[in-house]
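The structure appears below as structure tokens.
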Amino acid sequence: MPVTKTTTELRNNHFLQRMQGVSCRILVVVGAVALLSGCAMSGFDLQKAAPDKTAITGSVNKPPVAEVTDSSKMSDQNTIRNVVSALNFTQWGKTPIPWANPDTGSQGTITTVAEKKTEAGLCREFETSREAFDGAALYRGQACMAQGGAWALTSFAPL
């Protein structure tokens with residue numbers, strides 16, 4: 001035989017369920033108020049904070065920076081000169097050309113090359129990047145063909 005509940009039992013059951021929901025809400029509100037009440041408290045003020053002048057500190061030594069020798073820069077300049085002088089200018093005039101020097105670990109990209117004839121002969125002006133252990137920089141330089149067909153770097157300076 002099926003169990004039937006009276007109207008009073010149904011009302012009581014519904015009332016208990018509603019009370020459970022209300023008590024949950026009250027508990028959540030009370031918990032939130034308790035947690036957030038610390039935000040309204042006064043006490044430590046950053047405006048009144050002062051450095052502790054009694055503390056004694058020591059300086060931290062910088063690690064020594066490895067000096068870049070002139071020979072490594074010269075080696076990079078020679079590598080760049082060799083790339084610029086070996087270019088088939090009609091093919092590579094406006095295309096970026098990467099270069100790398102395995103002796104120093106430096107690398108870069110020659111971004112522009114312009115060829116011109118001067119009193120000294122044929123010269124190529126260029127701009128390049130140089131990424132090395134001492135940092136990265138942009139340079140502008142010029143390589144000219146000397147007597148006998150050998151190329152010489154006539155200028156090379158940071159931008």
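Can you tell me how much longer the chain between ALA100 and ALA146 gets when fully stretched, taken as 0.36 nm per residue apart minus their C-alpha distance, in nm with one decimal?
Details: separation 46, 0.36 × 46 = 16.56 nm, distance 2.46 nm.
Result for the pair: 14.1 nm of gain on full extension.
Karplus-derived 3J(HN,Hα) values for the stretch 107-114, using 6.51 cos²θ - 1.76 cosθ + 1.60 with θ = phi - 60°, are 8, x, 9, 7, 8, 9, 9, 10 Hz; glycine and proline are entered as x. Extension gain for VAL30 to ASP52 (0.36 nm times residue separation, less C-alpha to C-alpha distance): 3.9 nm.
Model label points for ALA114 and SER71, set 7 angstrom from Cα along the Cα-to-Cβ axis, are 3.7 nm apart. Quick one: work out the % antiparallel among DSSP beta bridges in the stretch 73-158, nearest 5. Taking every DSSP beta bridge with both residues in the stretch 73-158, the antiparallel ones total about 100 percent.
Distant-in-sequence amide contacts of ALA146, defined by a placed amide H-H separation under 5 Å and a gap of 5 or more residues or a different chain, comprise TRP151, ALA152. In the stretch 73-158, if the dipole is taken from +1 on Lys/Arg beta carbons and -1 on Asp/Glu beta carbons about the Cα centre, which of GLN77, THR109, THR154 is farthest to the positive end? Projecting each Cα onto the dipole axis, the largest value belongs to THR154.
We did not get these values from a lab; they are worked out from the coordinates using the rules stated. Computed from a predicted model, the values in this text were never measured in an experiment. Please note: Cβ atoms are built from the backbone with ideal geometry, for glycine as well, and neighbour counts cover all protein chains shown.
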